[in-house]
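Notes for the one structure printed next.
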Amino acid sequence: MSSSPTPQPAGMDTIPVSFTLNGAATTLDLAPWTTLLDALRNHLGLTGTKKGCDHGQCGACTVLVDGQRINACLTLAVMKDGADIRTVEGLAEQGHLHPVQDAFIEYDAFQCGYCTPGQICSAVGLIAEGHAHTADEIREAMSGNICRCGAYTNIVDAVKHVIDARGAQSLEAAE
């Protein structure tokens, strides 16, 4: 995959698109058909977000937009003007990995690693949603993210660990 911007047909106008990306204001001039995935990878050099199927079926391109999980390959960048976008590169804070990233390491929740950025962004989003508490609920909520290596058991264990740890912290804070 090329890291150079997508070529423009002669005479084609671009559209300015501004959003907050991993905490920083970002403005790009993009062709109206540029997907968010291509904007991230080809225009901004953020290659953590992967292009797997390019049809919204594998989840490798999952990013967080305004806190919601989306498939960046199915989303036109111009539709996200003004949005807050977070990629796997923007999850760590002050040099410390996000708890989900730590849990993926602790639980060996990856093999080849290709799906890992999308899996992690999806896990961060589902934890924020607060709907998944059991292993079955986590599996269902993560079903849009495919791991061809079959690391699902470890992925679910890692996500459950973070959910359980957050629940324990909430109980301690309430006491």
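Observations on the structure shown:
- Within region 107-154, tally of residues that are closer than 18 Å to T49 by Cα and assigned to a helix (DSSP H, G or I): 11
- Elements of type strands (runs of 3 or more DSSP E) in region 44-106, at least 1 residues being closer than 16 Å to A24 by Cβ: 62-65, 84-86
- The residues in region 11-43 that are in a strand (DSSP E or B) and either polar (S, T, N, Q) or free of Cβ contacts under 8 Å to residues at least 12 places away in the same chain (or both) can be counted, and the count is 7.
- Meets criteria (surrounded by fewer than 22 Cβ atoms within 10 Å (Cβ to Cβ), among the basic types (K, R) and without any contact (Cβ under 8 Å) to a residue 60 or more places away in the chain) for R86: no
- Residue identified as at pLDDT below 95, within 26 Å of T153 (Cβ to Cβ) and over 16 Å from the mean Cα position of the chain (by Cα) among Q111, Q94, Q8: Q111
- Close pairs (6 angstrom Cβ cut-off, 6 or more residues apart or separate chains): assigned by TED's automatic domain parsing to the domain that holds L37 and closer than 12 Å to M142 by Cα in region 56-67, in a strand (DSSP E or B) and at pLDDT 95 or above anywhere: T62/R69
- Residue match in region 40-60 (condition: closer than 19 Å to C112 by Cβ, over 12 Å from the mean Cα position of the chain (by Cα) and polar (S, T, N, Q)): yes
The values are calculated or read from the model by the stated rules, or taken from the named source; none is laboratory data. Source: prediction; values computed, not measured. Cβ atoms come from the backbone with ideal geometry, glycine included; neighbour counts cover every protein chain shown.
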